[in-house]
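Notes follow the structure.
The values are calculated or read from the model by the stated rules, or taken from the named source; none is laboratory data. Values in this document were obtained by computation on a predicted structure and should not be read as measured data. With ideal geometry, Cβ positions are generated from the backbone for all residues, glycine too; neighbour counts draw on all protein chains shown.
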Amino acid sequence: MTTKLGALIMAALLVLYLALVGWRAVQFMSTGEPVAIAMGVALVVLPLIGLWALWREIDFGTRSHELVKRLDAEGGLDLELPLLPSGRPERAAARGALDGFRTAADAAPESWQASMRLGLAYDAAGDRRNARQAVRRAIALSRDAR
């Protein structure tokens with residue numbers, strides 16, 4: 001719940017920022033000076049890029065959360081890794097188990113469940129880049145399956 005609240009606060013702050021910067025951009029562009037017009041255009045374009053990036057992250061988080069819930073409902077969420085007292089999987093054990101998750105994902109290339117478990121295993125091992133890539137693949141496979 002805290003993550004959702006943080007995301008909502010950041011989104012609200014971005015909207016406030018866009019409104020204030022948008023007003024400043026209009027002021028710059030209304031001067032008629034070439035440099036001020038260029039600054040006004042930049043003040044419009046750069047926040048839009050930020051808004052697009054925020055949307056992609058929120059969409060990724062929402063879709064991956066839905067897949068985790070579906071995987072849990074199907075009974076496939078348990079990665080069978082030893083846990084630390086905090087509840088997080090041990091990184092060394094996760095790294096050691098990655099080959100098994102990769103093999104399972106390669107054996108079932110159309111299975112979003114196998115790709116999602118691979119992404120969760122990469123995350124447990126601390127490899128965020130590959131985790132996100134595997135989860136993106138799981139999201140795409142899940143969309144195709146529907």
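What to note about this one:
- All positions within the stretch 128-146 that are touching a Leu at 6+ places or on another chain (Cβ under 8 Å) and over 15 Å from Leu71 (Cα atoms): Ala131
- If only residues of the stretch 70-85 that are in contact with a Leu (Cβ under 9 Å, 6 or more places away or on another chain) and farther than 16 Å from Arg143 by Cβ are counted, the one that is surrounded by the fewest Cβ atoms within 10 Å (Cβ to Cβ) is Leu77.
- Cross-chain or 6+ apart pairs with Cβ under 9 Å, the stretch 31-47 first and outside the structural domain of Leu14 (by TED's automatic domain parsing) and closer than 23 Å to Val15 by Cα, then modelled with pLDDT under 95 and exposed (fewer than 12 other Cβ atoms within 10 Å of the Cβ): none
- Checking each residue in the stretch 90-134 for being of a type outside the set (Gly, Ala, Ser) and in contact with a Lys or Arg (Cβ under 7 Å, 6 or more places away or on another chain) picks out Phe101, Leu118.
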